[in-house]
1. From the list Gln241, Gln253, Gln200, Gln181, exactly one residue is polar (S, T, N, Q), in contact with a strand residue (DSSP E or B) (Cβ under 7 Å, 6 or more places away or on another chain) and part of a helix (DSSP H, G or I). Which is it?
2. Give me the residue from the range 141-159 that is among the charged types (D, E, K, R) and open to solvent by less than 60 Å² (accessible area, probe 1.4 Å) and, out of that set, farthest from Leu210 (Cα to Cα).
3. What single numbered condition from (1) open to solvent by less than 60 Å² (accessible area, probe 1.4 Å); (2) within 23 Å of Leu87 (Cβ to Cβ); (3) without any contact (Cβ under 8 Å) to a residue 40 or more places away in the chain fails to hold for Ala321?
4. Can you pull out the residues in the range 160-214 that are open to solvent by less than 40 Å² (accessible area, probe 1.4 Å), within 47 Å of the chain's Cα centre (by Cα) and among the hydroxyl-bearing types (Ser, Thr, Tyr)?
5. Would it be correct to say that Thr314 is polar (S, T, N, Q), surrounded by fewer than 11 Cβ atoms within 10 Å (Cβ to Cβ) and more than 30 Å from Pro81 (Cα to Cα)?
6. Just give me the residues in the range 59-76 being part of a helix (DSSP H, G or I) and open to solvent by 60 Å² or more (accessible area, probe 1.4 Å), in sequence order.
7. In the range 252-259, is there at least one residue being exposed (fewer than 15 other Cβ atoms within 10 Å of the Cβ), within 30 Å of the chain's Cα centre (by Cα) and under 30 Å from Tyr113 (Cα atoms)?
8. Check the range 30-51 and report whether any residue there is under 30 Å from Tyr130 (Cβ atoms), modelled with pLDDT of 90 or more, of a type in the set (A, V, I, L, M) and part of a strand (DSSP E or B).
Amino acid sequence: MMRSFLLSFRTLTLTGAAFLAPHGAVAQRRVTRAEALAAALAAGPRFSVARADTTVATAGLRSARMLQNPSLGLAYTKDVPQYHALLDIPLDVPWLRSPRVKSAEAGELAARYRFAFERAAVTLEADTLYTRALAAQAHARLSRRNAQDADSLLRMAAKRRDAGDASDLEVELASVNAGQQANVAANDSLAYISALLDVQTVMGLASGELDILPGDSLEAPTIDEEAGPVGTRLQIAAAEQSLISAQLTTRFQRRSVWGTPSLVVGLDAHDPTGDEKGLLPQFGIGIPLPLFNRNEGPGLQAAAEEQRAHAELTMARVEDAARTART
């Protein structure tokens, strides 16, 4: 039973040792720390989401600054003049345009803050996981050597017992030690494999196999002695800008009860009787009437988004305080 037990652990150890070979498997490629960081920023799923959010916010700001297109209406009547042409030009009045544009600007600034934070966070995560993979690799190699030494001691004890120079108790103790070392080596090999899979995940490699091997050596990290000025955390700054954007959106929705007025200009022409000659100009103002709704739905949605922004800002401050205290 003891031999069967040791054989199973030796098999696990050899399986993990295959990933610790100097040249690795054929399908695996060596990746340096710089390459891992570059891949995490280029194809990592977390940073890709932040990049997409920034693009959406920029597009929202551009949409908020655009002017509405006019509409042209053509009509024919039996009454003179018979031909009518009306051009309806929406007026982007300041009390509606200002909160709409400022809300989009605050949202775009919040997205940029989140983008900067995610860039730093992804870089830190990739660098940390790469370091952990290197440490796990060194630890697994050490455990594998210890397991091999323990197995050699077990064989030596067995030969000494056969020669009459050792007792059965020494062999049993050597067997227990060899089993323990094999167990540790197997666990460390699996920890190394798990660390490599974490690096592949942050790099955006969607594979169930080990495709990479760390190419750098394990070195002490460099410390920047010149600390920069302490300011507002990026997460808190982003939450503050999101709250400002939500408040301006709520203001915009409240002012949009009467809708957007428009300038109406037109021309009338063609009098068959000949009493009217030439073109007859028309000028007017179009005012939307809140008869069927008073913009309740968008207003309630904007108020809910403002409450959510308040909660997110509070949560960002609490989490930042907790991280600072924990550090």
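The values are calculated or read from the model by the stated rules, or taken from the named source; none is laboratory data. Treat the numbers as computed from the prediction; the structure is a model and nothing was measured. Backbone-built Cβ (ideal geometry, glycine too); neighbour counts: all protein chains shown. Please note that ligands, DNA and RNA were not included when accessible areas were found on the heavy atoms of the full protein model with its side chains. Shrake-Rupley method; radii C 1.70, N 1.55, O 1.52, S 1.80 Å.
1. Gln200
2. Of everything passing the filter in the range 141-159, Asp151 is farthest from Leu210 (Cα to Cα).
3. Among (1) open to solvent by less than 60 Å² (accessible area, probe 1.4 Å); (2) within 23 Å of Leu87 (Cβ to Cβ); (3) without any contact (Cβ under 8 Å) to a residue 40 or more places away in the chain, the lone unmet condition for Ala321 is (2).
4. Scanning the range 160-214 gives Ser189, Tyr192.
5. Criteria not met by Thr314.
6. Arg62, Ser63, Arg65
7. No, the range 252-259 has no match at all.
8. Yes, the conditions are met somewhere in the range 30-51.
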